[in-house]
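Here the structure is laid out as structure tokens; the discussion comes afterwards.
The values are calculated or read from the model by the stated rules, or taken from the named source; none is laboratory data. Model, not experiment: these values are computed from the prediction. All Cβ positions, glycine included, derive from the backbone under ideal geometry; neighbour counts span all protein chains shown.
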Amino acid sequence: MALFLLPSTGLAPPLVWAVGTLLAGFWLLAAAALRHAAAFRLRTLSNLMAALREQDFSFRVRGGRRDDAFGELVLELNLLAQSLRDARYGEAEATALLAKVMGEIDVAVLAFDPQHRLALANPAASRLLGRQAGELAGRTAEELGLAACLEGPAARTITPPAGGGGRWELRRGVFRQQGLQHHLLVLSDVSRALRAEELAAWQRLIRVLSHELNNSLTPIKSIAGSLDDLLGRQDLPADWRDDLQSGLRVIASRAEALNRLMGAYATLARLPKPTLAPLDVETWVRRVASLERRLTVDVMPGPATTIHADGDQLDQALINLVRNAADAALPGGGRVEVSWRHDGHELVLWVDDDGPGLASTANIFVPFFTTKPGGSGVGLALVRQVVEAHGGSVALHNHPRHPGCRAFIRLPL
């Protein structure tokens, strides 16, 4: 082909053939050199990619620059290797931190694979189960006595899997590893916290009961002493019968108050387990609102909702909230409003009043604590007990922008 590229030179044919042969050889050598150089570059890039595939991020290729396509490719691959190395270091540090935290916390963490075999257990889990980590790996949840923890409610309180006393809080979740769903169990010992809370509850209860008992026993003791002195006189005054009857009436009144107090306590202690049935929320709210005769309770309809609940118990809970709201609103000629809405998987119902609001919310749910003259201090405690038995919660707080109070009830849909 080189012969056809040569211009007409007037040279003899043998010389032309020689020149053509030399040019052809040159082009062949140049092509071979270019092919070898390109192959070397591609092989170098192949080695870099193989190192990245093997997760060796220390490998680099020289010659990366922005003035040609191959050099730009080399530069970008080097930057990719650097980024992957930085990510590897960050992942290793995060893993080391997580392992340190898992080893230091006093919470048992266990992970089970899809076949319910133990894949991960921290030192606290080993102590809970009474076995070394090497003895736990690969064992099934049933062998470890944890099969029940993988079923039922995801958050609850259980007895220790390995026996013994105390109470443990269970939290269960799921995560994916290599595309497979795993179960994560978190078990924390709440015995000490429960004992502390129980002690605090007993202290609050005894403090309130002592206050109520003293309020009744002090006047009973004083009046009984006065009547004893009266009857011990040699010469009784003319109105001694009136004094005697008055004193006995006070004693009877205070004894009746104590009887009501103990009856209210028995009501709280004997509250039965809810009997669940479909309950239309609007019908429930309007039925309770119609029972308040001292003022008109405004019902602002919310979304059509049916929940599974014990209608009788929820009636009593809402009656207490509406009655408290009416007590607060009546002196100032205010109003009471009830409405509801959905919040995710919960029904949120609220009772608003235009009263003076709450001076403090610290003890409002403590049994027998009351700020109302003649109040029993049982209403809000009963409300909370009923709502929590249905898996919900109750809260009271003052309106942020105007006088009055809002009571919330949250119930699962």
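Couple of notes before you dig in:
- Of the set (1) over 17 Å from LEU380 (Cβ atoms); (2) surrounded by fewer than 21 Cβ atoms within 10 Å (Cβ to Cβ); (3) not hydroxyl-bearing (Ser, Thr, Tyr), all apply to VAL297 but (2).
- Every residue from the range 290-310 that is small (Gly, Ala, Ser), more than 17 Å from GLY344 (Cβ to Cβ) and at pLDDT 85 or above: ALA304, ALA309
- Filter result for the condition that a residue is under 29 Å from SER191 (Cα atoms), in contact with a helix residue (DSSP H, G or I) (Cβ under 7 Å, 6 or more places away or on another chain) and part of a helix (DSSP H, G or I), over GLY134, GLY103: GLY103
- Odd one out for HIS399 among (1) touching a His at 6+ places or on another chain (Cβ under 7 Å); (2) at pLDDT 65 or above: (1)
- Listed by first and then second residue, the pairs with beta-carbon distance under 8 Å, at least 6 apart or on different chains, first residue in the range 245-269 and outside the structural domain of ARG384 (by TED's automatic domain parsing), second modelled with pLDDT of 65 or more and among the hydroxyl-bearing types (Ser, Thr, Tyr), are GLY247/SER226; ARG254/SER216; ALA255/SER216; ALA257/SER216; LEU258/SER216.
- Residue count for the range 397-410, restricted to those that are more than 10 Å from ALA325 (Cβ to Cβ) and in a strand (DSSP E or B): 5
- Subset of the range 199-215 [at pLDDT 70 or above and not hydrophobic (A, V, I, L, M, F, W, C)]: GLN203, ARG207, SER210, ASN214
- Qualifying residue in the range 180-190 (condition: more than 16 Å from ALA124 (Cα to Cα) and either modelled with pLDDT under 80 or exposed (fewer than 10 other Cβ atoms within 10 Å of the Cβ) (or both)): no
- Test for GLY173: is it more than 30 Å from GLU198 (Cα to Cα) and out of contact with any helix residue (DSSP H, G or I) (no Cβ under 8 Å at 6 or more places or on another chain): no
- Within the option set GLY166, GLY232, being modelled with pLDDT under 75 and touching a Ser or Thr at 6+ places or on another chain (Cβ under 8 Å) holds for one residue only, GLY166.
- Hits in the range 107-126 (condition: touching a residue at least 12 places away in the same chain (Cβ under 8 Å), surrounded by fewer than 20 Cβ atoms within 10 Å (Cβ to Cβ) and either more than 16 Å from LEU170 (Cα to Cα) or touching a Ser or Thr at 6+ places or on another chain (Cβ under 8 Å) (or both)): VAL107, ASP113, PRO114, GLN115, HIS116, ARG117, ALA119, PRO123
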